[in-house]
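Heads up: the structure comes next, in structure tokens.
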Amino acid sequence: MTKNVFYTIGKTDAKGDEASKINAAADWMKAHPTAMATVVGYADKGTGTADVNKKIAEKRAVAVADKLKASGVSADRISVDSKGDTVQPFAENDENRVAIITCEEK
């Protein structure tokens, strides 16, 4: 199961529909107690500097992981990574302001 949590420029907090994606991932993880989650943060290459984008991507990934933990998912089931703006998972620049949650049964 994969959820893409999108952000506006410079933001690291997920609101509304984006926050509900994190809740859905947490619910899925609780229903699959042997599953592991990976959260990877990204920033778009079209704005900011590499340094700023690295920090924002890290904050996005950590914020999502923290929300998963706050929802009852054990920290030892979550790994966190960030790519800054070195990797752009989507063709559309604005979509690369994202944290991607991937949950898999192990």
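The values are calculated or read from the model by the stated rules, or taken from the named source; none is laboratory data. Worth saying up front: this structure is predicted, and the values here are computed from it rather than measured. So basically every Cβ, Gly included, is an ideal-geometry build from the backbone, and we count neighbours across all protein chains shown. Ligands, DNA and RNA are excluded from the accessible area calculation, which covers all protein heavy atoms including side chains. Shrake-Rupley method; radii C 1.70, N 1.55, O 1.52, S 1.80 Å.
The residue list Val80, Val73 contains one member that is assigned to a strand (DSSP E or B) and either touching a residue at least 60 places away in the same chain (Cβ under 8 Å) or touching a helix residue (DSSP H, G or I) at 6+ places or on another chain (Cβ under 8 Å) (or both), which is Val80. Selection within the range 54-106: residues that are surrounded by fewer than 21 Cβ atoms within 10 Å (Cβ to Cβ) and polar (S, T, N, Q). The member of this set that is nearest to the chain's Cα centre (by Cα) is Thr102. For the range 27-53, filtered to residues that are β-branched (Val, Ile, Thr) and either touching a Gly at 6+ places or on another chain (Cβ under 6 Å) or assigned to a strand (DSSP E or B) (or both), the residue that is surrounded by the fewest Cβ atoms within 10 Å (Cβ to Cβ) is Thr38. Only residues that are under 11 Å from Gly41 (Cα atoms) and touching a Lys or Arg at 6+ places or on another chain (Cβ under 8 Å) were counted in the range 61-85, giving 3. The selection criterion, being assigned to a helix (DSSP H, G or I) and of a type in the set (Val, Ile, Thr), does not hold for Val5.
Taking the criterion of being touching an Asp or Glu at 6+ places or on another chain (Cβ under 9 Å) and closer than 19 Å to Asp85 by Cα, the residues of the range 13-46 that qualify are Thr38, Val39, Val40, Gly41, Tyr42, Ala43, Asp44, Lys45, Gly46. Close contacts from the range 1-30, counting a first residue that is without any contact (Cβ under 8 Å) to a residue 40 or more places away in the chain and a second that is in a strand (DSSP E or B), with Cβ to Cβ under 8 Å and a gap of 6+ residues or different chains, come to Glu18/Val5; Glu18/Phe6; Ala24/Lys3.
Restricting to the range 1-20, give me the number of residues that are in contact with a helix residue (DSSP H, G or I) (Cβ under 9 Å, 6 or more places away or on another chain), of a type outside the set (S, T, N, Q) and open to solvent by less than 50 Å² (accessible area, probe 1.4 Å). Total meeting the criteria: 5.
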